[in-house]
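The values are calculated or read from the model by the stated rules, or taken from the named source; none is laboratory data. A quick note: this is a predicted structure, and the numbers were derived from the prediction, not measured. Cβ: placed from backbone, ideal geometry, glycine included. Neighbour counts: every protein chain shown. Calculation scope for accessible area: heavy atoms of the full protein, side chains included, ligands and nucleic acids excluded. Shrake-Rupley method; radii C 1.70, N 1.55, O 1.52, S 1.80 Å.
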Amino acid sequence: MTVSVFAGCSRIDKILYPTKRSYGFNEIEKQVISDLEKGRNKELVSYFAIDIRKKYGTKEIMKELKNAEDGLGEVRDFHSEEIGKSGHRGGLGETITTWETRLDTDQGKFYAIVSWSSGDNSKDEKLERETEGLKNLMLFSEEYNNSEGLDQFINVDFPVLYPGIKR
């Protein structure tokens with residue numbers, strides 16, 4: 001009882017019944033990278049926030065992930081760091097943390113930029129559960145800081161997002 005007063009019910013619910021999206025990206029990054037490399041798209045799509053899956057469709061996201069994986073190759077090494085965070089005032093709302101992951105693969109070096117939401121707690125627990133998780137994933141080659149030369153990713157679109165390609 002005391003714990004629920006100090007921690008809040010949604011925190012306890014996340015602890016007792018965690019989903020893959022209940023964790024921060026830094027806690028599951030190895031699994032996400034492994035799933036991306038091995039093409040386990042059913043697993044990968046489960047990291048996307050429920051509202052993103054509803055908006056774009058699970059099959060559509062899985063199709064885009066497949067297109068992305070075709071050009072990536074086998075991951076030899078990777079390193080992630082937090083590069084930004086959106087906030088909100090008053091303690092309510094959605095915080096999105098942006099992570100940059102440098103991937104060294106047998107096809108070259110790539111950057112994966114991940115936007116991860118802690119969930120929108122401004123209304124109720126259901127809204128928080130629906131909005132927590134991966135918001136988008138952007139992948140690009142180290143040689144390019146724009147969409148030029150990214151022919152292997154020409155068919156990929158948001159929410160697996162690539163520079164210069166828009167829906």
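From most to least packed by mean Cβ count within 10 Å, the peptides 76-83, 104-111, 47-54 give 47-54, 104-111, 76-83. Per residue, the range 30-120 exposes an accessible area of 52 Å² to a 1.4 Å probe, with every protein chain left in place. Efficiency by 1/(1 + (r/R0)^6): what FRET value for residue 59 and residue 27, r their Cβ-Cβ distance, R0 = 25 Å, to the nearest 0.05? Taking R0 as 25 Å, the efficiency between residue 59 and residue 27 is 0.35.
The charge dipole of the range 25-95, taken about the Cα centre with unit charges on the Cβ atoms of Lys, Arg (+1) and Asp, Glu (-1), comes to about 400 debye, rounded to the nearest 20.
Ranking 39, 73, 103 by how far each Cα lies toward the positive end of the dipole of the range 28-136 (charges on Cβ) leaves 39 at the top. Rounded to the nearest 0.05, what FRET efficiency do residue 106 and residue 20 have when you use their Cβ-Cβ distance and R0 = 25 Å? Once the sixth-power term is evaluated, E becomes 0.35. Figure note: 95, 101, 58 ranked by solvent-accessible area, largest first, 1.4 Å probe, ligands and nucleic acids not counted: 58, 95, 101. At an R0 of 45 angstrom, the distance between the Cβ atoms of residue 70 and residue 125 translates into a FRET efficiency of 0.70. For the range 106-114, putting each phi into the Karplus relation 6.51 cos²θ - 1.76 cosθ + 1.60 with θ = phi - 60° gives couplings of 6, 9, x, 9, 9, 10, 10, 9, 10 Hz, in residue order, rounded to whole numbers and with x for Gly and Pro.
Surface composition of the range 31-98: carbon and sulfur atoms hold 47% of the protein heavy-atom accessible area at a 1.4 Å probe.
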